[in-house]
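The values are calculated or read from the model by the stated rules, or taken from the named source; none is laboratory data. Every value quoted in this text rests on a predicted model; they were computed, and no experiment measured them. Here the Cβ positions follow ideal geometry from the backbone for every residue, glycine too, while neighbour counts run over all protein chains shown.
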Amino acid sequence: MKSITLTVDAVIPYKGKIVLIKRKNEPFKDHYALPGGIVEYGETVENAVLREVEEETGLKGKIFDLVGVYSELDRDPRGHFVSICFIVIPVGGELKSGSDAKEVRLFKLGELPRLAFDHEKMVRDAEVKLRGILSKM
């Protein structure tokens with residue numbers, strides 16, 4: 001029996017830009033992506049996104065808003081992955097790459113590199129909410 005994998009992704013505004021990681025592993029190895037990953041059994045999506053943010057970027061965060069749910073069947077070459085994307089505001093920690101992130105970098109919204117998966121759509125969907133946040137940072 002085939003199954004669905006539940007994942008989370010985070011759009012993180014930081015110092016007037018957004019945080020992206022360079023993926024260390026396939027799929028999309030060496031492509032930039034939003035921080036995120038697979039929700040563990042017994043974990044809420046909210047706890048999962050905050051855990052992934054800290055593991056991959058070194059930042060502690062709090063959830064600001066829900067961006068959306070992404071369930072296109074071809075969004076991940078590994079199979080049927082459904083992602084819940086949040087805007088996460090940093091509240092501590094130190095920006096540094098960790099776990100499966102090769103590097104972590106800041107990018108202006110209008111100057112993003114090509115992103116893995118459907119993360120460009122997630123960023124576009126978050127953009128209206130982000131502009132208000134980024135202008136205050």
statement: Exception for GLY79 within (1) of a type outside the set (Val, Ile, Thr); (2) crowded, with 17+ Cβ neighbours inside 10 Å; (3) within 30 Å of MET1 (Cβ to Cβ) falls at (2)
- prompt: Looking at region 45-54, which of the residues that are acidic (Asp, Glu) and within 12 Å of the chain's Cα centre (by Cα) is surrounded by the fewest Cβ atoms within 10 Å (Cβ to Cβ)?
  reply: GLU54
- line: When ASP74 is run through (1) surrounded by fewer than 16 Cβ atoms within 10 Å (Cβ to Cβ); (2) under 21 Å from LYS129 (Cβ atoms); (3) modelled with pLDDT under 95, the failure sits at (2)
message: I'm trying to understand the selection: among the residues of region 24-44, which are buried (at least 20 other Cβ atoms within 10 Å of the Cβ) and either basic (Lys, Arg) or more than 11 Å from the chain's Cα centre (by Cα) (or both)?
response: VAL39
query: Do you know which of the residues in region 83-102 that are over 11 Å from the mean Cα position of the chain (by Cα) and within 15 Å of ILE18 (Cβ to Cβ) is modelled with the lowest pLDDT?
result: ALA101
- prompt: Which condition number in (1) closer than 20 Å to LEU109 by Cβ; (2) without any contact (Cβ under 8 Å) to a residue 24 or more places away in the chain; (3) exposed (fewer than 14 other Cβ atoms within 10 Å of the Cβ); (4) not hydroxyl-bearing (Ser, Thr, Tyr) is the one that MET1 fails?
  reply: (1)
task: Could you tell me whether region 4-22 includes any residue that is at positive phi, touching a residue at least 24 places away in the same chain (Cβ under 8 Å) and in contact with a Lys or Arg (Cβ under 8 Å, 6 or more places away or on another chain)?
output: yes
- request: Go through (1) in contact with a helix residue (DSSP H, G or I) (Cβ under 7 Å, 6 or more places away or on another chain); (2) surrounded by fewer than 18 Cβ atoms within 10 Å (Cβ to Cβ); (3) touching a residue at least 24 places away in the same chain (Cβ under 8 Å) one by one and return the number of the condition GLY61 breaks.
  value: (2)
statement: Residue hits (region 1-51; within 20 Å of LYS96 (Cβ to Cβ), in a loop (DSSP other than H, G, I, E, B), in contact with a helix residue (DSSP H, G or I) (Cβ under 6 Å, 6 or more places away or on another chain) and at pLDDT 95 or above) are LEU34, PRO35
- request: Working only within region 85-97, note down all residues that are surrounded by 14 or more Cβ atoms within 10 Å (Cβ to Cβ) and either touching a Gly at 6+ places or on another chain (Cβ under 7 Å) or closer than 12 Å to TYR14 by Cα (or both).
  value: CYS85, ILE87, VAL88, ILE89, PRO90, LEU95
